[in-house]
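Trainee: This is the structure I want to talk about, given as structure tokens.
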Amino acid sequence: MSVKVLSKGEATRERLLDLAEKAVLQKGFGATTIEELIAAAGLTKSGFFYHFRDKNDLAQALLRRYIDRHNDIIDDMFVRSSELTDDPLHGFLIGLKFFADLLADLPNTHPGCIVASFCYQDQQFSRDIRDLNAEGVRAWRARIQVRLQEIAKRYPPRPGVDIEALADMCTAIVEGGIILSRTLDEKEMLARQVMAYRNYVRLAFETREA
């Protein structure tokens with residue numbers, strides 16, 4: 001598999017996005033300034049504005065990159081799990097285990113979620129940024145929901161199980177797990193929450209037969 005080699009300009013743009021992401025996760029988008037990013041990247045103002053028209057343009061690029069990366073992670077983990085079994089329930093559970101293992105391997109307490117950070121400061125952003133944020137959440141819901149619907153075809157859900165709510169619960173669990181992990185400074189908290197969700201899904205669909 002070939003690895004794309006970034007041009008100097010592309011590498012600078014990625015470095016700016018990396019610096020912005022780190023700053024936003026630490027203190028929020030509102031407290032992150034263009035000046036600090038310019039200083040950290042060792043650029044001039046004109047160098048920064050070559051890549052981003054303004055702070056809103058930076059926010060859109062940052063959010064788009066984050067959503068694309070998150071989608072790739074979800075797609076990859078379910079592709080790999082589907083290769084291990086033809087059973088949709090077991091494949092979904094394996095995928096969640098992959099996800100929990102990935103989170104457990106992070107070197108420190110999970111830093112947070114760009115989407116959640118943007119949600120918390122919703123009024124700072126233009127309509128297009130808010131729409132993009134919602135688009136990202138809906139995309140994750142759709143990715144999980146299609147897997148749950150495949151499971152439901154083989155394993156009818158137990159009474160009271162709402163497929164769309166169960167899909168949204170995955171995002172809620174991850175975001176809540178991030179908050180718990182950071183608040184309690186417990187690195188393993190997020191992975192434990194994902195495994196708890198995994199167990200709930202198993203109980204929601206698995207047959208009652210022994």
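Each reported figure results from applying straightforward, stated rules to the coordinates on display, with no laboratory input. What you see is a predicted model, and the numbers here were worked out from it, not measured in a lab. FYI the Cβ positions are ideal-geometry reconstructions off the backbone, even for glycines, and counts take in every protein chain you see.
Trainee: Starting at the first residue of segment 160-166, write each ³J(HN,Hα) from the Karplus equation 6.51 cos²θ - 1.76 cosθ + 1.60 with θ = phi - 60°, in whole Hz, x for Gly and Pro.
Mentor: So the J values, rounded to whole Hz, are x, 7, 9, 4, 5, 5, 5.
Trainee: Multiply the residue separation of ASP131 and SER7 by 0.36 nm, subtract the distance between their alpha-carbon atoms, and state the gained length in nm to one decimal. The partial results should precede the final answer.
Mentor: Working: separation 124, 0.36 × 124 = 44.64 nm, distance 3.06 nm.
Between ASP131 and SER7, full extension yields 41.6 nm more.
Trainee: Right, something else. With θ taken as phi - 60° and the coefficients 6.51, -1.76 and 1.60, list the Karplus ³J(HN,Hα) couplings across segment 74-80 in order, rounded to whole Hz; mark glycine and proline as x.
Mentor: Along segment 74-80, the couplings run 4, 4, 5, 5, 7, 5, 5 Hz.
Trainee: Please find the FRET efficiency linking TYR155 to GLU83, where r is the Cβ-Cβ separation and R0 is fixed at 22 Å, and quote it to the nearest 0.05. Let's see the in-between values first.
Mentor: Working: r = 20 Å, r/R0 = 0.93.
So, using R0 = 22 Å, E works out to roughly 0.60.
Trainee: Grab the Cα-Cα distance for ALA196 and ASP75, subtract it from 0.36 nm times how many residues apart they are, and report the gain in nm with one decimal.
Mentor: Values: separation 121, 0.36 × 121 = 43.56 nm, distance 2.09 nm.
Contour length minus Cα-Cα distance gives 41.5 nm.
Trainee: Pop a pseudo-label 7 angstrom from the Cα along the beta-carbon direction at both ASP68 and ASP162 and give the gap in nm to one decimal.
Mentor: Label at ASP68, label at ASP162, 3.4 nm between them.
Trainee: Quick one: how many lysine pairs does the chain have with C-alpha atoms less than 28 Å apart and a gap of 8 or more or different chains? Give me the count, please.
Mentor: 16
Trainee: So which GluC sites (Glu not before Pro) in segment 12-110 pass both tests, a DSSP loop state and at most 12 other Cβ atoms within 10 Å of the Cβ?
Mentor: Details: sites: GLU14, GLU21, GLU35, GLU36, GLU83; in loops: GLU83.
In loop regions of segment 12-110 (DSSP not H, G, I, E or B), the sparsely surrounded GluC sites (Glu not before Pro) are GLU83.
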